[in-house]
Each structure stands twice: as C-alpha cells, then as structure tokens.
Amino acid sequence: MNEAAIWRFLKSHGMTDAGAAGLMCNLFYESGLNPKNLQNKYEKILGYSDETYTAAVDSGEYTNFVWDKAGYGIAQWTHWSRKQAFLAFCKAAGESVGDRDAQLKFLMKELSDSFQGVLDVLMSTVSVREASDAVLLQFEKPASKDTKETKTKRARLGQEYFDKFASIATEKGDITFEKNTRKKEKS
C-alpha cells in the first residue's frame, strides 16, 4: 500500500485536498488500499486468497470474475456490470486486475463516465465530510451506508489523510511533495 502514490494520483487528476482525502478514506474502508483485495467472506466461499484469485483471473483460469458477486480491488467492485467494465479495461491495457495504477485509472474513468456528480464534488469541495459522504452514498453504496457511525468513521479517517497529506506544501508542486514524502519514509 502506498498512500502517498494514491494521493498524488488523485491530486494530479484535479481533486481538491478534501476530495482526495474523502475518496481515500472510503477506499481504505473498502479494501485497506490493497488492489488485490478479494472481499474477505468470498475467500472461503471461492477458495482463493487475494493473490491466488488475482492470478487465476489474470490467467483466465477463473472465468466467473464478472458474476461471482465478490468485491474486488481498492474500490471493491462488486456489481457485475462494473466488474465487467473493469476487467475489459485491464485486458485492453494489458494489465493485471490487481495492478494499483490500472485500478486508479479505471476508477477515474468510472467516476468521469458514470459518477460525474461524485467527481464534481471531489474536484470542488473543501469539506472532507462532504467528499466522504458523496463517495460512500453514491459510489461505494455499502450495506451499512445509512448509519451515522459509518459516515463519521470514514470522515474521521478522511480528516487524518487530509492532515497527513494536505499539510505538505502541495501548492509548490509534486517535487516538494516527493522530497517531503521520502524524508518521512526514511524516518
């Protein structure tokens, strides 16, 4: 998991600090930011680990990826139409379904093509809570989405991402961000 790389990617696509933080907290709660994450309850049902499922899908050995109803990847794509589009995107790009960068590119494509309202919020908001709630309620749509506790927990983590990454002088550009990130990683 490379939080800084995900942050940089989201920011490079025009998201505000609050928007990037609100999206990242939801991705974390869905997958732990693990691009190879197979929804935990399906590991036992399908008999695969994160790694073996990814390899089986990539090799074509496992052919039920689109229809198995298992959440997968950083966004835990679950619905058949979204998984079908995701699989086609990865195949067309010649990338593994478990590739973080391919998933981030697909995420942006999906937001642009099918969730423009959510993307508009992520590109304009200064409120981590607003961004987090938009992603939770309109993009992720988890079973527990209506609970106040879920919204609060995700927004709290979003604020942590905001505090961690927005405090770096991003207005000076990615070079400054890179230097500060390297210093923190070496510590």
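The values are calculated or read from the model by the stated rules, or taken from the named source; none is laboratory data. Small disclaimer: the values here were computed from a predicted structure and weren't measured. When we count neighbours, we look across all protein chains shown, and the Cβ atoms used for this are built from the backbone with ideal geometry, even at glycine. Keep in mind that these areas ignore ligands, DNA and RNA; they rest on the heavy atoms of the full protein, side chains included. Shrake-Rupley method; radii C 1.70, N 1.55, O 1.52, S 1.80 Å.
Annotations
- Test result for Gly47, among the small types (Gly, Ala, Ser) and within 17 Å of the chain's Cα centre (by Cα): no
- In the range 76-99, the residues that are touching a residue at least 24 places away in the same chain (Cβ under 8 Å) and closer than 18 Å to Tyr62 by Cβ reach residues that are of a type in the set (D, E, K, R) and open to solvent by less than 50 Å² (accessible area, probe 1.4 Å) with C-beta atoms within less than 6 angstrom, at least six apart or across chains, in these pairs: Gln76/Glu30.
- In summary, Tyr29 fulfils each of the numbered conditions (1) open to solvent by 60 Å² or more (accessible area, probe 1.4 Å); (2) out of contact with any helix residue (DSSP H, G or I) (no Cβ under 6 Å at 6 or more places or on another chain) with the single exception of condition (2).
- Residue within the range 34-46 that is touching a residue at least 40 places away in the same chain (Cβ under 8 Å) and not polar (S, T, N, Q) present: yes
- Of all residues in the range 70-129 being in a helix (DSSP H, G or I) and aromatic (Phe, Trp, Tyr), the one that is farthest from Ala4 (Cα to Cα): Trp80
- Residues located in the range 128-139, provided they are out of contact with any Lys or Arg (no Cβ under 9 Å at 6 or more places or on another chain) and either at pLDDT below 90 or not hydrophobic (A, V, I, L, M, F, W, C) (or both): Glu130, Gln138
- Filter result (open to solvent by 30 Å² or more (accessible area, probe 1.4 Å) and under 18 Å from the mean Cα position of the chain (by Cα)) within the range 33-44: Asn34, Lys36, Gln39, Asn40
- Qualifying residue in the range 68-78 (condition: modelled with pLDDT of 95 or more, under 15 Å from Glu140 (Cα atoms) and basic (Lys, Arg)): yes
- Members of the range 57-81 that are over 17 Å from Leu33 (Cα atoms) and surrounded by 16 or more Cβ atoms within 10 Å (Cβ to Cβ): Val57, Asp58, Tyr62, Phe65, Val66, Asp68
- Test for Tyr53: is it modelled with pLDDT of 95 or more, in contact with a strand residue (DSSP E or B) (Cβ under 7 Å, 6 or more places away or on another chain), more than 29 Å from Arg129 (Cα to Cα) and not β-branched (Val, Ile, Thr): yes
- Every condition in (1) under 21 Å from Met24 (Cα atoms); (2) open to solvent by 10 Å² or more (accessible area, probe 1.4 Å); (3) of a type outside the set (Asp, Glu) holds for Val97 except the one numbered (2).
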